[in-house]
1. Would it be correct to say that A:L288 is hydrophobic (A, V, I, L, M, F, W, C), in contact (Cβ under 8 Å) with a residue 24 or more places away in the chain and either part of a helix (DSSP H, G or I) or within 14 Å of chain B (Cβ to nearest Cβ) (or both)?
2. Give the residues of the range A:213-231 that are at pLDDT 95 or above and surrounded by fewer than 20 Cβ atoms within 10 Å (Cβ to Cβ), sorted by residue number.
3. Can you pull out the residues in the range B:98-126 that are free of Cβ contacts under 8 Å to residues at least 60 places away in the same chain and under 30 Å from B:E46 (Cβ atoms)?
4. Restricting attention to the range B:299-326, report how many residues are more than 20 Å from B:V487 (Cα to Cα) and charged (D, E, K, R).
5. Give B:P334, B:P322 a once-over and let me know the one that is free of Cβ contacts under 8 Å to residues at least 60 places away in the same chain, more than 8 Å from chain A (Cβ to nearest Cβ) and out of contact with any Lys or Arg (no Cβ under 9 Å at 6 or more places or on another chain).
6. Residues that are surrounded by fewer than 20 Cβ atoms within 10 Å (Cβ to Cβ), touching a residue at least 60 places away in the same chain (Cβ under 8 Å) and within 14 Å of chain B (Cβ to nearest Cβ): does the range A:252-272 have at least one?
7. For the range A:30-80, enumerate the residues that are among the hydroxyl-bearing types (S, T, Y), outside any helix (DSSP H, G or I) and touching a residue at least 24 places away in the same chain (Cβ under 8 Å).
8. Could you pull out the residue among B:L362, B:L375 that is at pLDDT 90 or above, facing another protein chain (nearest Cβ under 8 Å) and part of a helix (DSSP H, G or I)?
Amino acid sequence: MMRRYGVVIALLALSLGAALFVPGFLALGNLTTILLHVSVNAILALGMTFVIVTGGIDLSVGSLVGFAGVLTAAALTSAGTLGAVGVGGATLLAVLVGTGTGAAVGAANGALTAYGRIAPFVVTLATMTIARGAARLVTGGVPIGFPAADDPAFAQKSAALDALHAIGGGRLPVPGLERGFPVPALIMLAVVGAGAFVLTRTRFGRYIYAIGGNEEAARLSGVPVKGVKLGAYAISGGCAGLAAILLVGQLKSGGPDAGLLYELNAIAAAVIGGASLLGGVGTAWGALVGALLIGVLNNGLDLLGVQSFWQEIAKGAIILFAVTFDVWTKRGHHHA
Amino acid sequence: MQTDRKRRREKQVVGVHCRVSLLTLSAVTKRYPGVTALDAVDLGVEAGAVHAIVGENGAGKSTLLKLIAGAERPDAGEIRWDGAPVTFASPRDALRRGITVIYQELALVPNLGADANIFLGMERTRGGVLQADAMRETAAKALAELGLSIDPTQPVARLSVAQRQLVELARALVRDVRLVAFDEPTATLTAHEVAHLAARIEWLTTKGIAVIFVSHRLDEVRHLASRITVLRDGRRVWTGATIDVDEAALIRHMVGRDVAYQRHPAGRAPHAAPVLDVRGLTRAPAFHDVSFTLRPGEIVGVAGLVGAGRTEVARALAGIEPWSAGEVSLSGAPYRPRTPRDAIDRGLAYLPEDRQRDGLVLRFTVRENVTLPVLRRFARRGQIRREEETRAARAAATAVDLRPAPPDIERPTLLLSGGNQQKVVVAKWLLTDARIIVFDEPTRGVDVGAKVDLHRQIRSLADLGKGVLLISSELPELLALADRVLVMRAGRVAGELSGDDVTAERIMALAVETP
């Protein structure tokens, strides 16, 4: 019971504390802002959960946010594409490029891990470095995005960026909500919901848990272990691509350094949400709750005017607390 | 054997009055949330004697060992060591007082040598620098005393289970042990290795060391121990001298009911075409030129010492490892599985020897484990149909007599006894509708009651027309179940016995003799 709902209780307690002691926290506008800020990390944490449940790790997602982001921005603002398919077509293409890049690199991670039998830590450490370098190479170190004033395609490029901004930074009008509900938060909820469905209700999801629980038993039971692992990494990469699209839309540019260290936030959210790095344990909603916990903490401390350095320390302490709690509750299970 | 027993009887008669207990447990009780693992149990262990503890899985043997090892403390009752009451603060404390427990899962660091393992935690140093030579010499001497001539510096991962066991024993000797407790030490040993260990255990007693011997194998227990304690459901139900009890009585004490072994197979003589035909199967150095047939409705036993290549052949047939030469046909069609999935799809199920390592996802519930190989059947466009899955899992769990009835299929398999876990493995493969079922040591470490259930299950599978290949190191099991017995030795088929030729003597002779 405590194990299952421990994080939710922690989130509620933290929110209650913030509501009582942090002026402005409870304002609807602030709450939707938290959701907006959390969406990128929650999506990454969801993908990360797939990988962690198989017993792996994906260090490449932060760099992948940068790499997929610059390719998304490039596809979106390419004068050639805009001329050929227009703003709508370019936006669609950009979304496909972003998620496609992420999923493809993720699938490569999975292939190297599952078929090449290289430790996932090493594989994704390498792709993390490669993706970051590639992002810088493609851009020459300069963000791709807002066109210069003398750009002949200025109007089209601005329109394309605005179109993607509707996805990454847009707000849906909701009665009673002054600024509306952030679109990325809706996407986040949809993605986490879909992730939860896949993990708990599908064969693929059952296989993910089986592999993390006992890879050899899964293999002997006829589970296509390699294919499922590849799928898990591809999902993680795809989530990174989606996060990249949201980030490019939000900022109206794709920077080569975007997503720096995001992989660590995603791992933190997944672990706070109950995923075990030993594999076999973790949930989609847990990843969301973990991301929310970090988001509420950051937001509360922000509103209190606490230095960001302290926020990092607090986040680290929460990770330790979550994992310690996990280990302690598990200890009770051993006698049987 | 006969003279052994006589000698021990004399020893016992002489020793009855002059021996005092080295270790005494008085009315010890240990409770865990929801279960009383030990309920006012008494135990007295004398120096220089072997005291066996037997009981079904879940009877409390492991908990008792944990109390003795200092890994757990009793909630009530008293432990006396060497005449004085003690409380073991930790395993280290118990170790320092001269108590060593050798668990089934051996506690050695695989990548270190025997010498480093023997001195782990008590390294000899001079000025902080390891005295490697001195330690290696002492280690080699202790190993030699146990009849083990190995290079003490080679990683223990390269040693056999029996050798590693002796390394643990050597570690105890170097620490001047006074009591050694063995937890199922012979479960994975060959007959030869068992004999060696038994001799070493007798030697320990001559040095005045007390031995506690926990085992399922009643013949060994009766051979080695002078006294036996039977536990059932956390209570001590019987303690006495070995000479006062026979095997049937012990089993009665253990299970609280009479269990009769059926001594002969059903006597089937199927004439159908073979469902599996293996010709010249070879993968050097594991197995060479293995040929046999298996007919529907037939149980073919595979006997042999550990290391004879039985499991390797089974794993090859199950698509886990390849073979390099030979032909196999399954239901008349060529068969060469490349993955376990291939084997399952062709109708061959393999129930691995180590169910915890290879057979189950322990964190999964009974339902999730049982349906894992056939999840496809319950999935529409990838989505699992929960009601169908539950229905099938419940039917399979009921079919294998998962206890307590009706089976709780939402219970994590982690929390089940060994016997029930094995039943879950059987249930899992029942669902695959396999035509050939390969059992690898299906009743190892399983309590007597579950064993009876499993034997009935294996028979009924054959009655259903399945071909059953039964790898077993327990001769009574083979005698009771197998229509024919294939005996393997050093990777080859040493012989095949059928009908009245299937006797324990003939099997053992083929398994150990050199032609």
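1. Yes; evaluated as a whole, the condition is true for this residue.
2. Result: A:K226, A:G227.
3. Within the range B:98-126, B:E105, B:N117, B:I118, B:F119, B:L120, B:G121, B:M122 qualify.
4. Total satisfying the criteria: 1.
5. The match here is B:P334.
6. no
7. A:T54, A:S60
8. Just one listed residue meets the conditions, B:L375.
The values are calculated or read from the model by the stated rules, or taken from the named source; none is laboratory data. This one's a predicted model, so the numbers in the text were calculated from it and none came from an experiment. Note that we place each Cβ from the backbone using ideal geometry, even for glycine, and neighbour counts take in every protein chain shown.
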